[in-house]
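K.L.:
Below you'll find the structure I mean.
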Amino acid sequence: MLRLAALLAACLLVAGFSSWPGMANSLASKLVAPPGASPLLQTDRVEAAFARLPNRSGHVTTSEGVSMFWRALDPGDYGMDYAWTRPADDPHGVDFSLDFHAPSAPSATPRGTVVLLHGWMMDGGSLLPWSIALAEAGYRTITLDLRNHGRSGHAPSGYGTREAGDVVDAVAALREQGEIAGPLHVFGVSYGAATALFAAADPRLQAERVVALESFDNAGAAIRDMVPHMLDEDGGSWHAQLTRRWLRWRIDASVLDAAIVRAGDTLSLPLDGVDVGAALAQAPACVLLVHGDADRHVPVEHGRALAAAVPGARYLELAGEDHLSLPMRLDRLAPTVVDWFNAPACPQTALAAR
């Protein structure tokens, strides 16, 4: 998270930044599209891992002309050995160790297909541990790079709304290619979780189950929570600390509000109107919401608001987990997620299967 805060600070130090309008405009430009890839994204490491795995990949084109990159793993015994850690020099960061082998036996018939959707400034490869874990549980797993991320094409961001249309179109194309086998489920993290919930509200997706980790409830509110938190981090170089301190002084509520409005105007999408809870209420799929109570990036109030949007919602809150650690906790979450997808009927509570 310290590295993410430093990236935000670097992105904002641009010409015209000294004035109030320049401040709002600079911040708005970073809200319109991802300012590059996250420093947490270990692309070389992920690609080296996929080079050891039997997988298929390609591109499909959406109705808006967006080229979407996908990659699939089939069910099998991968012998996955996974553990997550917090680096000693970064108490807010996360890292993981992962080992596996290619399956020696032919792939079994998938019990279903899980489409995995990544977070902001990440890509489908960032969900490699989940891809393998769910493949070991008998599912074909397909990761998608969302628009403006990874190997997919560029188009106006929709904070999950337009991206959901891409997902629906990509799944339809993959169905025609025979890549969607058995019941379809969707698994999303953060921005990918919001996208999953918007997509699930579209009956064309035909998703049976959805797992949404740490989704925001409202895009504008999420930005108002995220930016101050990222600038409030300590540590890093003296230059990064000084920059964040200066930005905290300069970026107040009025600057944030103006940036959110300007970004929405640029995108022709009012960000305060991006209401994930309304989409969730329309989703015919069986949805499990998961949030960490220590999340300051997208505070737990977002998860609770989503749960409150639907009577009888299936909501799981994990003590002590933050925005970076929660998706890494396969040890705590993978058995529940697998049971959620395996259950013959929609569970009445988040932990009904266990």
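The values are calculated or read from the model by the stated rules, or taken from the named source; none is laboratory data. Predicted model, so just to flag it, every value in this text is computed and none were measured. Note that each Cβ is placed from the backbone with ideal geometry, even for glycine, and that neighbours are counted across all protein chains shown.
K.L.:
Are any residues in segment 275-304 aliphatic (A, V, I, L, M), assigned to a loop (DSSP other than H, G, I, E, B) and surrounded by fewer than 23 Cβ atoms within 10 Å (Cβ to Cβ), and if so, which ones?
P.N.:
Of all residues in segment 275-304, those aliphatic (A, V, I, L, M) come to 276, 278-281, 283, 285, 287-290, 294, 298, 300.
Next, from what is left, pick out any that are assigned to a loop (DSSP other than H, G, I, E, B): 283, 285, 294, 298.
Hits for segment 275-304 are 283, 285, 294.
K.L.:
Turning to a different aspect of this structure: Determine which member of the set 272, 265 is at pLDDT 95 or above, surrounded by 15 or more Cβ atoms within 10 Å (Cβ to Cβ) and farther than 30 Å from residue 182 by Cβ.
P.N.:
Selected residue: 272, the only one of 272, 265 that is at pLDDT 95 or above, surrounded by 15 or more Cβ atoms within 10 Å (Cβ to Cβ) and farther than 30 Å from residue 182 by Cβ.
K.L.:
Another question, then. Could you list all residues from segment 153-177 that are in a helix (DSSP H, G or I) and not aliphatic (A, V, I, L, M)? Working first, answer last.
P.N.:
First pass over segment 153-177, keeping only residues in a helix (DSSP H, G or I): 161-176.
Answer for segment 153-177, where residues must be in a helix (DSSP H, G or I) and not aliphatic (A, V, I, L, M): 161, 162, 163, 165, 166, 169, 175, 176.
K.L.:
Taking the stated definitions as given, is residue 36 under 29 Å from residue 172 (Cα atoms) and in a loop (DSSP other than H, G, I, E, B)?
P.N.:
On the way: under 29 Å from residue 172 (Cα atoms): yes; in a loop (DSSP other than H, G, I, E, B): yes.
When the stated conditions are applied, residue 36 passes them.
K.L.:
Aromatic (Phe, Trp, Tyr) and in contact with an Asp or Glu (Cβ under 7 Å, 6 or more places away or on another chain), is that true of residue 69? Don't jump to the end; show me each part of the working.
P.N.:
Details: aromatic (Phe, Trp, Tyr): yes; in contact with an Asp or Glu (Cβ under 7 Å, 6 or more places away or on another chain): yes.
Yes; evaluated as a whole, the condition is true for this residue.
K.L.:
Could you please find all residues in segment 306-318 being aliphatic (A, V, I, L, M) and more than 19 Å from residue 120 (Cβ to Cβ)?
P.N.:
Taking segment 306-318 and keeping what is aliphatic (A, V, I, L, M), we get 306-310, 313, 316, 318.
307, 308, 309, 310, 313, 316, 318 - these are the residues of segment 306-318 that are aliphatic (A, V, I, L, M) and more than 19 Å from residue 120 (Cβ to Cβ).
K.L.:
If you scan segment 169-217, which residues turn out to be more than 30 Å from residue 320 (Cβ to Cβ) and among the basic types (Lys, Arg)?
P.N.:
Across segment 169-217, the qualifying residues are 175, 204.
K.L.:
Does residue 196 satisfy the criteria of being at pLDDT 95 or above, assigned to a helix (DSSP H, G or I) and buried (at least 16 other Cβ atoms within 10 Å of the Cβ)?
P.N.:
Values: at pLDDT 95 or above: yes; assigned to a helix (DSSP H, G or I): yes; buried (at least 16 other Cβ atoms within 10 Å of the Cβ): yes.
Considered against the rule, which asks whether it is at pLDDT 95 or above, assigned to a helix (DSSP H, G or I) and buried (at least 16 other Cβ atoms within 10 Å of the Cβ), residue 196 comes out as yes.
K.L.:
Right, next: From the list 345, 307, which residue is hydrophobic (A, V, I, L, M, F, W, C), farther than 28 Å from residue 81 by Cα and touching a strand residue (DSSP E or B) at 6+ places or on another chain (Cβ under 8 Å)? Quick ask: steps written out before the conclusion?
P.N.:
Working: 345 fails: touching a strand residue (DSSP E or B) at 6+ places or on another chain (Cβ under 8 Å).
Residue meeting the stated conditions: 307.
K.L.:
Here's something else I'd like to know. Out of the residues in segment 93-116 that are over 25 Å from residue 342 (Cα atoms) and surrounded by 13 or more Cβ atoms within 10 Å (Cβ to Cβ), state the one that is modelled with the highest pLDDT.
P.N.:
Taking the candidates together, the pick is 96.
K.L.:
Could you list, in sequence order, all residues of segment 56-92 that are part of a loop (DSSP other than H, G, I, E, B), surrounded by fewer than 19 Cβ atoms within 10 Å (Cβ to Cβ) and either small (Gly, Ala, Ser) or not assigned by TED's automatic domain parsing to the domain that holds residue 136 (or both)?
P.N.:
63, 65, 79, 88 - these are the residues of segment 56-92 that are part of a loop (DSSP other than H, G, I, E, B), surrounded by fewer than 19 Cβ atoms within 10 Å (Cβ to Cβ) and either small (Gly, Ala, Ser) or not assigned by TED's automatic domain parsing to the domain that holds residue 136 (or both).
K.L.:
Does segment 45-55 include one or more residues that are in a strand (DSSP E or B), more than 30 Å from residue 227 (Cβ to Cβ) and of a type in the set (Phe, Trp, Tyr)?
P.N.:
Here is the first cut: in segment 45-55, the ones in a strand (DSSP E or B) are none.
Checked segment 45-55: no residue is in a strand (DSSP E or B), more than 30 Å from residue 227 (Cβ to Cβ) and of a type in the set (Phe, Trp, Tyr).
K.L.:
Same structure again: Can you name every residue in segment 97-130 that is among the polar types (S, T, N, Q) and more than 21 Å from residue 79 (Cβ to Cβ)?
P.N.:
Narrowing segment 97-130 to residues among the polar types (S, T, N, Q): 97, 104, 107, 109, 113, 126.
The answer is 113, 126.
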